[in-house]
Amino acid sequence: MTDPREKLQEVEARRQKLYEGGGVKEVERQHKLGKLTARERLARLFDPGTFQEVNLWIRPITTGYDVDDRDLAADAVITGMGRVNGRPIYAYIHDFTVLAGAMSLGQNHKVTQVMEKALRDGVPYVGMIDSGGIKIHDLFGRPAYRPIVADACMGFTSNPWNCPCQCSGVVPQISLMIGPCYAGSAYSPIAADFVVMRKGTSFMSLASPQLLKTVTFVDVTQEEIGGAELHAKVTGSTDFLANKDEDAIEWTRELISYLPSNNRDKAPRIDTKDDPERADDGILDIVTAQSSAPYDMHDVISRIVDDGRFLELQALFARNLIIGFARIGGDTVGIVATNPAVNGGALDYNTCDKQSRFVRFCDAFNIPLVFLVDTPGFLPSKEAETSREGLIRHAARAAFAIAEATVPRVVIYVGKCFGTARLALGTLRMGVDDVYAWPTSQVARIDPLEAVRIIYKREIAEAADSSAEEQKRLKELLEKYVRFPYHAGEYLMVEDIIDPRRTRSVIYKTLNHLSNRPAIGRPWKKSSLMPR
Amino acid sequence: MAQEEVTAPIPGVIVSIEVTLGTKVAEGDTICFLESMKMSNPILAPLGGTVTKISAAPGQVIKAGQLIAVIEY
């Protein structure tokens with residue numbers, strides 16, 4: 001007769017052993033690398049006492065190799081559900097102390113389960129990647145074991161590569177790449193909506209340095225082709241660059257607070273005590289009278305949003321454009337803003353990619369968008385026009401995403417915006433709901449200087465002093481036909497010229513007005529195609 | 001002693017150089033002003049050190065990626 005208490009003790013003892021992961025030595029090694037263990041990361045992500053683990057007891061597949069004799073706790077991944085700031089979240093967390101977090105059949109099964117549950121339950125999921133790669137033994141067992149392995153491959157729903165696509169646009173997906181992530185291991189987490197990396201220990205690339213050397217005879221370090229800083233600054237593959245695991249996880253907790261749980265929901269309202277109609281006097285001093293002196297648009301943003309809090313995404317990539325989440329009147333808004341402090345706020349192919357992806361995310365998840373615009377336009381570049389980095393192709397994406405969206409969209413012209421830049425940042429005729437301008441704004445369908453060069457081409461060419469003639473004609477044009485800021489109002493490009501000090505209040509009232517409008521109808525289609 | 005190159009992020013015309021050979025700069029200090037698309041863009045020191053080379057002058061037309069200065073640290 002089995003004593004229930006004895007049996008319980010036995011189970012608990014085994015559970016504690018499994019909690020040790022790869023053992024004390026491996027845990028030490030992980031700490032020496034400056035990384036937290038999987039369970040330490042888990043404790044930081046979830047609200048205390050809320051995590052419920054699933055599939056701790058999984059038995060790794062029998063392959064016939066020596067690895068079968070090793071104790072691979074939980075098959076190198078911890079999966080389960082818990083709460084983050086009170087909200088339900090699913091998570092999978094690789095355990096690097098177990099066979100370097102090798103991605104085995106069992107691990108794939110556990111991870112797939114998490115993703116499928118997230119999709120079914122309408123709940124976001126977080127993945128923490130820290131894995132040396134696929135567990136090769138599981139791909140083909142030793143001769144006598146092949147039928148077992150083959151069977152398992154077909155029986156398991158080993159599809160963490162399919163799930164991110166199914167979940168895309170339905171539930172928010174967040175990947176923390178806080179360890180190695182190569183080749184096939186990377187395909188799944190990179191498809192998430194948000195990616196967080198950590199200096200020094202995050203590596204993501206298609207080929208490992210060894211493979212690169214074998215094929216191309218070039219020597220590279222893993223930092224060079226896949227380090228966190230490379231991805232944060234150059235490839236744009238990461239949304240936040242953390243210094244420590246703790247920071248990466250803390251940032252993730254904050255990110256989640258801005259998002260709805262799924263695409264049928266709105267983001268939770270967080271009532272700050274910040275009066276949504278608060279006026280801000282200091283804002284007038286930011287944009288100086290001389291239009292060529294660059295200011296930092298972050299200053300404008302912080303004055304408009306609740307408590308000045310702004311969670312920036314891709315802060316180190318395409319810094320001439322700012323994207324991120326904030327709240328106005330307690331509700332999440334997505335901010336897209338040009339930044340005159342960097343390259344004068346000029347647009348390029350990277351800013352177009354950065355903004356179009358963000359606009360689409362906000363549209364998918366019912367987050368209204370606010371555009372703050374001050375840009376001299378697209379940066380003309382021979383290299384960009386004559387390479388695969390085609391400017392027009394990228395500019396079209398930016399405009400496309402704005403036109404495709406149906407969430408409330410508000411544009412504020414803070415400074416300059418001429419011609420094609422207007423299309424890249426949204427106009428009324430493209431479907432933007434409301435557009436306002438500051439008194440210091442200069443908005444026109446073409447840069448007046450360019451207009452003068454075209455209209456008075458002959459006069460300028462024939463003049464004794466072309467430059468002076470050009471300036472004379474420009475002065476005439478500006479005095480008679482194009483008076484800023486009124487020009488935009490005269491031609492219905494903006495709906496009102498507002499007091500900058502009341503920008504926050506204007507945005508709040510506009511979004512409030514639009515907050516319960518019925519869904520905008522679009523012609524039936526399976527999905528929009530991606531512009532080139 | 002390592003060297004860090006300060007290059008132009010965008011093409012433009014140098015308006016002014018704010019340092020001289022031997023100036024000690026901190027990260028974020030302005031090295032020069034580069035005018036592009038009617039905007040005067042400050043080009044900042046990417047790290048702290050000593051300016052050991054200046055290869056641009058006011059009025060000079062600069063290409064994207066062109067060397068402006070070298071900082072030794």
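Is there any pair with a first residue in the range A:225-242 that is among the polar types (S, T, N, Q) and a second that is part of a helix (DSSP H, G or I) and modelled with pLDDT of 90 or more whose Cβ atoms are under 7 Å apart and which are 6 or more apart or on different chains, and what are they?
Qualifying pairs under 7 Å: A:237/A:231; A:238/A:228; A:238/A:231; A:238/A:232.
Scan the range A:73-108 for residues that are under 15 Å from residue A:133 (Cα atoms) and part of a loop (DSSP other than H, G, I, E, B) and jot them down.
Hits for the range A:73-108 are A:95, A:96, A:97, A:98, A:102, A:104.
Just give me the residues in the range B:36-73 being within 14 Å of chain A (Cβ to nearest Cβ) and in contact with a Ser or Thr (Cβ under 8 Å, 6 or more places away or on another chain), in sequence order.
Scanning the range B:36-73 gives B:38, B:39, B:40, B:42, B:43, B:44, B:64, B:65, B:66.
Tell me which residues, restricted to the range A:179-195, are over 17 Å from residue A:101 (Cβ atoms) and touching a Leu at 6+ places or on another chain (Cβ under 7 Å).
A:194
Taking the range A:28-67, which residues are more than 17 Å from residue A:100 (Cβ to Cβ), surrounded by 14 or more Cβ atoms within 10 Å (Cβ to Cβ) and over 29 Å from the mean Cα position of the chain (by Cα)?
A:55, A:56, A:58, A:61, A:62, A:64
Those residues that are farther than 24 Å from residue A:363 by Cα and exposed (fewer than 13 other Cβ atoms within 10 Å of the Cβ), I need them from the range A:259-281; list them, please.
A:273, A:275, A:277, A:281
For the range A:31-39, indicate whether the set of residues that are under 23 Å from residue A:114 (Cα atoms), in a helix (DSSP H, G or I) and touching a residue at least 24 places away in the same chain (Cβ under 8 Å) is non-empty.
Yes, some residue in the range A:31-39 is under 23 Å from residue A:114 (Cα atoms), in a helix (DSSP H, G or I) and touching a residue at least 24 places away in the same chain (Cβ under 8 Å).
Name the residue that is nearest to residue A:419 (Cα to Cα), counting only residues in the range B:36-71 that are at pLDDT 90 or above, over 12 Å from the mean Cα position of the chain (by Cα) and part of a strand (DSSP E or B).
B:61
Restricting attention to helices (runs of 4 or more DSSP H) lying wholly within the range A:418-532, give those where 2 or more residues are farther than 26 Å from residue A:344 by Cβ, among the aliphatic types (A, V, I, L, M) and in contact with a Pro (Cβ under 9 Å, 6 or more places away or on another chain).
A:503-514
For the range A:187-256, please list each of the strands (runs of 3 or more DSSP E) lying entirely inside it that holds at least 3 residues being of a type outside the set (Phe, Trp, Tyr).
Once the strands (runs of 3 or more DSSP E) in the range A:187-256 are filtered for at least 3 residues that are of a type outside the set (Phe, Trp, Tyr), what remains is A:194-198.
Please identify the pairs in which a residue from the range B:1-26 that is more than 14 Å from chain A (Cβ to nearest Cβ) and surrounded by 16 or more Cβ atoms within 10 Å (Cβ to Cβ) has its Cβ atom under 7 Å from the Cβ atom of a residue that is polar (S, T, N, Q) and assigned to a loop (DSSP other than H, G, I, E, B), counting only partners at least 6 apart or on another chain.
These pairs meet every condition: B:14/B:60.
The values are calculated or read from the model by the stated rules, or taken from the named source; none is laboratory data. Worth saying up front: this structure is predicted, and the values here are computed from it rather than measured. Every residue, glycine as well, gets a Cβ built from its backbone with ideal geometry; the counts of neighbours run over all protein chains shown.
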